[in-house]
Amino acid sequence: MQELTHFINGEHVKGTSGRFADVMNPATGEVQAKVPLANKAEMDIAVAAAQAAQPAWAAVNPQRRARVLMKFVDLLNRDMDKLAEALSREHGKTFPDAKGDIQRGLEVAEYCIAAPQMLKGEYTDAAGPGIDIYSMRQALGVTAGITPFNFPAMIPMWMFAPAIACGNAFILKPSERDPSVPLMLAELLEEAGLPKGIIQVVNGDKEAVDAILFDPIIQSVGFVGSTPIAEYIYGTGCAQGKRVQCFGGAKNHMIIMPDADLDQAADALVGAGYGAAGERCMAISVAVPVGEETADKLRDKLIPRIEKLKIAPYTAGDDVDYGPVVTKAAQENILRLVQTGVDQGADLVVDGRDFSLQGYEDGFFVGPHLFDNVTKDMDIYKTEIFGPVLSMVRAQSYEEALGLAMDHEYGNGTAIYTRDGDTARDFASRINVGMVGVNVPIPVPLAYHTFGGWKKSAFGDLNQHGPDSFKFYTRTKTVTSRWPSGIKEGGEFHFKQMD
Ligand code: NAD
């Protein structure tokens, strides 16, 4: 049985806490590795190494820091297949989807090559007699991030690429479900020339997270995961005086207007609802057709598309639509919620409960489900299912559909399908959700924009990647200066060449 390690101060280090978690192969249901769960003493070692290494890294000029990321991007491209294979094996997502996971993170690293430009401060010449004012952005010091299982490459890169580009040291506590790719990413950063101690991976669970939250040296904490844990980390981290950004769960609505191209909308819903087995925070889990006729037509178009989906392990080929969910517990939870939908009176028009795959009976596969006539009070509407389950909630008007998405406690992503510019514009303007798609089902912004939800989907002021990330990982210092020669009466201010 493979025993995974931590990556501390440039070395693979065995766990010493004596506690381990199983890393599963979700396609077969077998344990394929054990990951160590760090205790506070192990976290302390990583923090001390980060603290020792960080000042020298912050003193490296930003262009040289950016060059390390340039090299890292090359190495990601070199090892793309190897990384995607490791990712699919632990997560269960298809091979092309695993490559997409790496690619979207790689694009954040590419964006952070702009560090010299992004870190430039501001200057006001002659703000008063002989007075100049300037501001600079300085690294925070030791920073940390806690990431979920569903994007084990992209989400760590959302955090560590800007953190490192800004001159911080970064400690990653990845998900214990799929820790191999984060470890591989740390190795590649060192191969790219990052000094020891600047990126470290400390595996673990709540104990390691608490060690981060209560460590006085760690200046900032980034978190992506479920809302209850996001709330805990935000509250605890802020109370410890840290800078914290936390991203939580989602229930993303897609509104389908009567004038929409319904074939396009149905294709989009199937990809966005069932891709990655619904384990995406930007998955569409609620379809809101406007008008009974739209709903009936949409349902007729969805059913054959859903019934055609190919559900199999990633090894079955690139035409697999989605693979298993991550754990047995996730599989059971999804099926439990499906049962509540049936019990509470929703129409289960595609029933995936009996799905089983020959040769993979112990894998964590879940067949696709489509519910119609779902109402606001049902558990399947209120709860994030995080599985291949799409709920149709019929609305009689645009205002009713908009109100549904507005009233839901989550506000991560949403989409509208329409040919009418006025409706699309009104929707984008009024909706209280952070990321909006107009005829785009999964509106994940690219690396140079920022990513973030509203309401119970995000806590904190600044979004992930894009310009916000350079703000999150730096502090602004503003200097107001007056030189004696500048205030002499009748004197002249001689601006000298810098040595
Ligand atoms: P999770 O909340 O179970 O775990 C996330 C991280 O928190 C992991 O590293 C885990 O080890 C740690 N953790 C778990 N329990 C903890 C506890 N009690 N105390 C401290 N730390 C704890 O989430 P997950 O199942 O890995 O990921 C799925 C969730 O993440 C979904 O809710 C999904 O919507 C959300 N997500 C959100 C975004 C976003 O940008 N909003 C992106 C991806 C995933």
For Phe355, are the conditions met, namely being more than 27 Å from the chain's Cα centre (by Cα), open to solvent by 10 Å² or more (accessible area, probe 1.4 Å) and closer than 30 Å to Ser88 by Cα? yes
Among (1) in contact with a strand residue (DSSP E or B) (Cβ under 8 Å, 6 or more places away or on another chain); (2) closer than 24 Å to Lys456 by Cα, which single condition is Asp347 missing? (2)
Which condition number does Lys173 fail, the rest of (1) crowded, with 18+ Cβ neighbours inside 10 Å; (2) near the ligand (Cβ under 9 Å from one of its atoms); (3) farther than 27 Å from Glu3 by Cβ being met? (3)
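Looking at this structure, is Pro313 open to solvent by less than 60 Å² (accessible area, probe 1.4 Å) and either free of Cβ contacts under 8 Å to residues at least 12 places away in the same chain or assigned by TED's automatic domain parsing to the domain that holds Ser285 (or both)? Steps first, please.
Values: open to solvent by less than 60 Å² (accessible area, probe 1.4 Å): yes; either free of Cβ contacts under 8 Å to residues at least 12 places away in the same chain or assigned by TED's automatic domain parsing to the domain that holds Ser285 (or both): yes.
Criteria met by Pro313.
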List pairs: first in the stretch 448-459 and under 12 Å from Tyr410 (Cα atoms) and touching a residue at least 12 places away in the same chain (Cβ under 8 Å), second open to solvent by 80 Å² or more (accessible area, probe 1.4 Å) and more than 7 Å from the ligand (Cβ to nearest atom), Cβ under 9 Å, 6+ apart or cross-chain? Lys455/Glu409; Lys456/Glu409; Ser457/Glu409
Residues in the stretch 419-435 that are farther than 23 Å from Glu409 by Cα and among the small types (Gly, Ala, Ser) total 1
Taking the stated definitions as given, is Pro55 at pLDDT 95 or above and within 20 Å of Ile164 (Cβ to Cβ)? yes
Just a yes or no: is a residue in the stretch 416-430 within 16 Å of the ligand (Cβ to nearest atom) and more than 18 Å from Thr294 (Cβ to Cβ)? no
Within the stretch 213-228, take every residue that is among the aliphatic types (A, V, I, L, M) and either without any contact (Cβ under 8 Å) to a residue 40 or more places away in the chain or within 9 Å of the ligand (Cβ to nearest atom) (or both) and give me the one that is surrounded by the fewest Cβ atoms within 10 Å (Cβ to Cβ). Leu213
Applying the selection to the stretch 359-375, what residues are crowded, with 21+ Cβ neighbours inside 10 Å, farther than 25 Å from Asp300 by Cβ and among the aromatic types (Phe, Trp, Tyr)? Phe364, Phe365
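Right, Tyr314: in contact with a Lys or Arg (Cβ under 8 Å, 6 or more places away or on another chain), modelled with pLDDT of 95 or more and within 23 Å of Pro96 (Cα to Cα) or not? Break it down into steps so the answer makes sense when it comes.
Numbers: in contact with a Lys or Arg (Cβ under 8 Å, 6 or more places away or on another chain): yes; modelled with pLDDT of 95 or more: yes; within 23 Å of Pro96 (Cα to Cα): yes.
Judged against the criteria, Tyr314 is a match.
Against the definition (touching a residue at least 24 places away in the same chain (Cβ under 8 Å) and open to solvent by less than 10 Å² (accessible area, probe 1.4 Å)), how does Gln464 come out, yes or no?
Working: touching a residue at least 24 places away in the same chain (Cβ under 8 Å): yes; open to solvent by less than 10 Å² (accessible area, probe 1.4 Å): yes.
So Gln464 passes the test.
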Tell me, which helices (runs of 4 or more DSSP H) wholly within the stretch 33-121 include 2 or more residues that are open to solvent by less than 50 Å² (accessible area, probe 1.4 Å) and among the aliphatic types (A, V, I, L, M)? 40-59, 62-78, 80-91, 95-111
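Okay, residues lined up against (1) open to solvent by 60 Å² or more (accessible area, probe 1.4 Å); (2) touching a helix residue (DSSP H, G or I) at 6+ places or on another chain (Cβ under 9 Å); (3) farther than 30 Å from Asp22 by Cβ:
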residue: Val342; (1), (2), (3): no, no, yes
residue: Asp377; (1), (2), (3): yes, no, yes
residue: Lys382; (1), (2), (3): yes, no, yes
residue: Ser391; (1), (2), (3): no, yes, yes
residue: Gly403; (1), (2), (3): no, no, yes
residue: Asn432; (1), (2), (3): no, yes, yes
residue: Val436; (1), (2), (3): no, yes, yes
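The values are calculated or read from the model by the stated rules, or taken from the named source; none is laboratory data. Note that the coordinates shown come from a computational prediction; the quantities given were computed from them, not determined experimentally. Neighbour counts run over all protein chains shown; Cβ positions are idealised from the backbone, glycine included. When the accessible area is computed, the model is the full protein with side chains, heavy atoms only, and any ligands, DNA or RNA have been set aside. Shrake-Rupley method; radii C 1.70, N 1.55, O 1.52, S 1.80 Å.
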